[in-house]
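Down below is the structure, laid out as structure tokens.
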């Protein structure tokens with residue numbers, strides 16, 4: 001074998017085994033849904049779903065656990081630029097409890113309902129990710145769609161809803177549909193804000209864009225690796241109002257390592273999708289099959 | 001193999017396809033109300049297993065009374081007919097169950113029972129009935145049973161793969177179910193016509 005081939009082989013093998021060599025595994029917890037792995041690496045403590053998950057569900061900095069490390073929770077907190085005074089919030093998908101902890105810190109009296117399907121994620125978040133629910137925070141181990149239907153029955157309403165139940169590995173298809181978004185919309189209080197964190201690409205990105213637009217009308221699309229969709233009931237605020245609110249929130253968000261200029265620079269209403277894009281509905285929602293599938297070229 | 005035997009195998013194979021496709025689509029239909037947790041699949045699979053087991057028992061018993069291709073085809077027709085609530089009023093049924101049963105585990109189980117118990121039980125009668133129709137004597141009974149299981153399970157494999165890999169990308173849930181009901185009905189009609197007389201000898205299938 002040529003030296004270059006040997007080099008490549010070594011590179012591949014070290015790549016495959018890189019995780020145990022460099023990262024220190026803190027705990028691996030089996031659950032009904034996946035293996036939840038907590039590890040430390042480069043000054044970060046992170047959670048991922050199984051050894052072969054090449055992404056991370058949540059991370060905290062060991063030397064500053066209150067700072068937000070990842071872009072996606074920072075982008076979700078951009079929802080506060082649309083409503084800087086929420087009295088309550090619904091958070092679907094716990095992750096490491098990063099958004100919940102941030103809201104508790106910024107708004108000590110806020111009422112938070114946190115829904116997470118996997119009890120192992122709740123346990124791990126509390127034990128290893130600095131997640132301490134306040135007396136006003138309630139955690140529900142439930143499916144995000146079932147909880148929303150039950151909340152509607154109880155006529156609950158929320159000032160902000162964070163939908164953070166997706167990752168790059170799998171999409172809960174029943175939580176991508178037009179009907180679900182209509183349920184979430186109904187659950188919003190007047191002027192309520194919806195923040196959805198997704199990891200879609202290709203045909204799913206287009207279908208998701210079209211479905212959100214159909215239900216909510218115009219929205220802000222914040223895109224880095226993931227995307228965060230921000231929208232508000234009763235009309236999307238213009239950038240002037242967003243900037244004013246960003247000014248009001250500047251100090252509190254910078255304490256969480258969120259740079260105002262960076263976050264503002266992500267706000268965009270420019271989202272395009274092919275004209276004949278099918279909406280995702282309870283009848284048609286092959287979201288996982290559409291994710292990453294290239295858009296069909298129009299002749 | 002004569003045409004009647006081929007039709008018996010066709011009914012068995014299609015029934016296998018139908019059962020698995022309905023099971024997969026059932027998971028999709030229940031998910032807006034009860035989620036996609038492991039308990040939802042547990043409820044659906046348990047209900048299908050129960051319905052099939054009862055169907056096997058009834059089908060075996062039924063096959064002792066003047067079995068015929070016509071009756072086998074009528075069983076397929078009956079399975080189609082009892083699937084109509086699942087194809088047409090599943091949403092109001094699911095809404096009612098969601099209202100009545102707060103625990104999604106038992107909600108999923110009750111909803112599965114209401115939507116799928118009858119059609120899947122009747123689909124379960126088809127394999128033992130088909131074996132009886134194709135069997136000429138004790139000597140070939142094992143071979144015939146093996147062939148029917150093969151065709152039926154192969155049909156299930158096709159139903160699972162085609163539905164989950166391709167059909168859900170192209171069609172809506174109800175379109176897939178309506179398409180399957182049309183095929184079931186067409187096969188049942190062909191079977192009834194080909195079956196001819198009300199009763200026929202067991203060897204003539």
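The values are calculated or read from the model by the stated rules, or taken from the named source; none is laboratory data. Since the model is a prediction, treat every value here as computed from it, not as a measurement. Neighbour counts are summed over all protein chains in view; Cβ atoms, including those assigned to glycine, are modelled from backbone coordinates with ideal geometry.
Residues in the stretch A:219-243 that are at pLDDT 95 or above and out of contact with any helix residue (DSSP H, G or I) (no Cβ under 9 Å at 6 or more places or on another chain) were compared, and the one that is surrounded by the most Cβ atoms within 10 Å (Cβ to Cβ) is A:238. Taking first residues from the stretch A:198-225 that are touching a residue at least 60 places away in the same chain (Cβ under 8 Å) and partners that are in a helix (DSSP H, G or I) and surrounded by fewer than 20 Cβ atoms within 10 Å (Cβ to Cβ), the Cβ contacts under 6 Å between residues at least 6 apart in sequence or on separate chains come to A:211/A:178; A:222/A:266; A:224/A:71. Restricted to helices (runs of 4 or more DSSP H) entirely inside the stretch B:92-205, those with at least 1 residues that are out of contact with any strand residue (DSSP E or B) (no Cβ under 7 Å at 6 or more places or on another chain) and within 30 Å of residue A:277 (Cα to Cα) are B:138-161, B:173-195. In the stretch A:71-88, is there at least one residue being at pLDDT below 85 and within 28 Å of residue A:228 (Cβ to Cβ)? So far as the stretch A:71-88 goes, no, none of its residues is at pLDDT below 85 and within 28 Å of residue A:228 (Cβ to Cβ). Check the stretch A:194-213 and report whether any residue there is farther than 28 Å from residue B:37 by Cα and part of a helix (DSSP H, G or I). Yes: one or more hits.
For the stretch A:156-166, the condition of being more than 13 Å from chain B (Cβ to nearest Cβ), on the phi > 0 side of the Ramachandran plot and more than 18 Å from the chain's Cα centre (by Cα) holds for none of the residues.
Table: residues versus (1) in contact with a helix residue (DSSP H, G or I) (Cβ under 6 Å, 6 or more places away or on another chain); (2) modelled with pLDDT of 95 or more.
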{"position": "B:1", "(1), (2)": "no, no"}
{"position": "B:19", "(1), (2)": "yes, yes"}
{"position": "B:25", "(1), (2)": "yes, yes"}
{"position": "B:38", "(1), (2)": "no, no"}
{"position": "B:43", "(1), (2)": "yes, yes"}
{"position": "B:48", "(1), (2)": "yes, yes"}
{"position": "B:57", "(1), (2)": "no, yes"}
{"position": "B:61", "(1), (2)": "no, yes"}
{"position": "B:81", "(1), (2)": "no, yes"}
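Among the residues of the stretch A:253-265, the ones that are surrounded by fewer than 18 Cβ atoms within 10 Å (Cβ to Cβ) and modelled with pLDDT of 95 or more come to 6 in all.
When the stretch A:222-251 is filtered for residues that are touching a strand residue (DSSP E or B) at 6+ places or on another chain (Cβ under 6 Å) and not in a loop (DSSP other than H, G, I, E, B), the ones remaining, listed by number, are A:222, A:227, A:228, A:229, A:230, A:231, A:232. The set of residues in the stretch B:88-109 being away from every other protein chain (no Cβ under 11 Å) and touching a helix residue (DSSP H, G or I) at 6+ places or on another chain (Cβ under 7 Å) consists of B:93, B:97, B:101, B:109. Answer yes or no as to whether residue A:275 is more than 14 Å from chain B (Cβ to nearest Cβ), surrounded by fewer than 12 Cβ atoms within 10 Å (Cβ to Cβ) and under 21 Å from the mean Cα position of the chain (by Cα). In short, no. Picking from residues in the stretch A:137-152 that are touching a helix residue (DSSP H, G or I) at 6+ places or on another chain (Cβ under 8 Å), modelled with pLDDT of 95 or more and part of a strand (DSSP E or B), the one that is nearest to the other protein chains (Cβ to nearest Cβ) is A:140.
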